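The values are calculated or read from the model by the stated rules, or taken from the named source; none is laboratory data. Every value quoted in this text rests on a predicted model; they were computed, and no experiment measured them. Cβ coordinates were reconstructed from backbone atoms using ideal geometry, including for glycine residues, and neighbour counts include every protein chain displayed. For accessibility, only protein heavy atoms count, side chains too; no ligands or nucleic acids. Shrake-Rupley method; radii C 1.70, N 1.55, O 1.52, S 1.80 Å.
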Amino acid sequence: MTETAHPRTAPLRARAEIDLAALRANVRALRAQAPAAALMAVVKSDAYGHGAVPCARAAVAAGATWLGTATPEEAFALRAAGLGSPVRIMCWLWTPGGPWREAIEADLDVSLSGLWALEEVREAARSAGRPARVQLKADTGLGRNGCQPADWHGLVAEALRAEAEGLVRITGLWSHFACADEPGHPSIAAQLTRFREMVAYAEQQGVRPEVRHIANSPATLTLPEAHFDLVRTGIALYGISPSPEIGTPADFGLRPVMTLAASLALVKHVSGGHGVSYGHHYITPGETTLGLVPVGYADGIPRHASGAGPVLVGGKWRTVAGRVAMDQFVVDLGGDEPEVGSEAVLFGPGDRGEPTAEDWAQAAGTIAYEVVTRIGTRVPRVYVNEERNGQDG
């Protein structure tokens, strides 16, 4: 689990400040984008690196009625932390022999994509002596998890048979977009059509789901026709745009939740022609000062951003000089002499002039999802603006 710290006692080496007021405001903004649908806050992978339990609590306080996880273990941790009824928790990544009975006893919604999973959950329900809450996932074109249209009739029929036996309750029908972050991509309309067809078939056969859902973050923001009964918001919850193509966070009233900062461990003068970091991929162009930032790829800083990652030090953007190492990297300060211990801000909301996670994604040739999610457990999460008496502050 991610380490937590109080702002006043946070270690000086590095910290990831998590603004829970921003997260709550993001939930409200996303609910406004889909006012007729319930909202699922996706908190898989430790809430995309932000800390699952604090973020889940903040999301529920702001009106999320569902929580989403990939693995059952992630869902169990939420229940153990006191996130109980009426909050619904869904988990969707299962392998044979998974903890089905424990999931039933924890009152989780489990996703089924094939008959093997239905057979295992049937047996677990018999053992538990109570029905399992199951959601049937349709592969409408993503080609990952989900039941193929050709097999859908069989899965629906067997699920209804299990429901008639009192072993399951079919609570949802759902799917996932492949290209919702690419406006106008032809697969979007094709998947939406296929989803409607597969839902209609299941309902014609007698399925009465509590929720039908296909909208992820980009679809929540740009495709109102895809909202149905529930929207699943992941990266947008944390104030990051799913894609620069669809807009910036500010375009949707969202604010990045995580600020990653470190304290300079060393500032020193070097001559021109001095090699910096492994391989000497950076050579100082003249006499200058170098600052040592004590985080590296062991902390989740992308090595692919070597020579390109932006950092705010002393009110100026600096760039990673040379390679990112396991525990540290260097910035060329251009002769400036900040004190040792001065703050180096790698990314944040951007309103203080600092880079954003999207800037790091561009520098590393990846997506902002990966930038925040990969920040490791060696970096303490410092939670600020926790809710007091129902008010932000």
Looking at this structure, is Leu142 within 23 Å of Ala38 (Cβ to Cβ) and either open to solvent by 20 Å² or more (accessible area, probe 1.4 Å) or modelled with pLDDT under 95 (or both)?
yes
The residue that is farthest from Leu108 (Cα to Cα), considering only those in the range 145-168 that are open to solvent by less than 30 Å² (accessible area, probe 1.4 Å) and in a loop (DSSP other than H, G, I, E, B), is Gly146
Only one of (1) open to solvent by less than 10 Å² (accessible area, probe 1.4 Å); (2) more than 20 Å from the chain's Cα centre (by Cα) is not met by Leu78, so which one is it?
(2)
Return the only residue of Val371, Val382 being surrounded by 15 or more Cβ atoms within 10 Å (Cβ to Cβ), touching a Lys or Arg at 6+ places or on another chain (Cβ under 6 Å) and not charged (D, E, K, R).
Val382
Filtering the range 115-146 for residues that are over 26 Å from the mean Cα position of the chain (by Cα) and of a type outside the set (A, V, I, L, M, F, W, C) leaves a count of 9
Hits in the range 22-40 (condition: out of contact with any Gly (no Cβ under 7 Å at 6 or more places or on another chain) and among the aliphatic types (A, V, I, L, M))
Leu23, Ala25, Leu30, Ala32, Ala34, Ala36, Ala37, Ala38
Using beta carbons and a limit of 6 Å, which pairs, at least six apart or on different chains, have the first residue in the range 39-63 and open to solvent by 10 Å² or more (accessible area, probe 1.4 Å) and the second one aromatic (Phe, Trp, Tyr)?
Tyr48/Tyr238; Pro54/Tyr383
Find all pairs meeting these conditions: Cβ atoms under 6 angstrom apart; at least six residues apart or on different chains; first residue within the range 192-220 and closer than 16 Å to His153 by Cβ; second residue open to solvent by less than 30 Å² (accessible area, probe 1.4 Å) and not in a helix (DSSP H, G or I).
Arg194/Thr140; Phe195/Thr140; Phe195/Ser175; Phe195/Ile214; Met198/Ala138; Val199/Leu173; Ala202/Leu173; Val207/Ile170
Going by the structure shown, is Thr233 in contact with a Leu (Cβ under 8 Å, 6 or more places away or on another chain), of a type in the set (Ser, Thr, Tyr), at pLDDT 95 or above and open to solvent by less than 60 Å² (accessible area, probe 1.4 Å)?
yes
Being open to solvent by 10 Å² or more (accessible area, probe 1.4 Å) and touching a Pro at 6+ places or on another chain (Cβ under 6 Å) is the filter here; which residues of the range 347-368 pass it?
Pro349, Asp359, Ala364
Could you figure out which of (1) farther than 23 Å from Phe252 by Cα; (2) out of contact with any Phe, Trp or Tyr (no Cβ under 9 Å at 6 or more places or on another chain) isn't true of Ala62?
(1)
Reported set for the range 180-193 where residues are out of contact with any Pro (no Cβ under 7 Å at 6 or more places or on another chain) and buried (at least 17 other Cβ atoms within 10 Å of the Cβ) is Ile188, Gln191, Leu192
Selection status of Trp116, closer than 26 Å to Ala202 by Cβ, surrounded by fewer than 22 Cβ atoms within 10 Å (Cβ to Cβ) and of a type in the set (Phe, Trp, Tyr):
yes
Would you check which residues across the range 177-228 are among the small types (Gly, Ala, Ser) and in a helix (DSSP H, G or I) and list them?
Ser187, Ala189, Ala190, Ala200, Ala202, Ser217, Ala219, Ala226
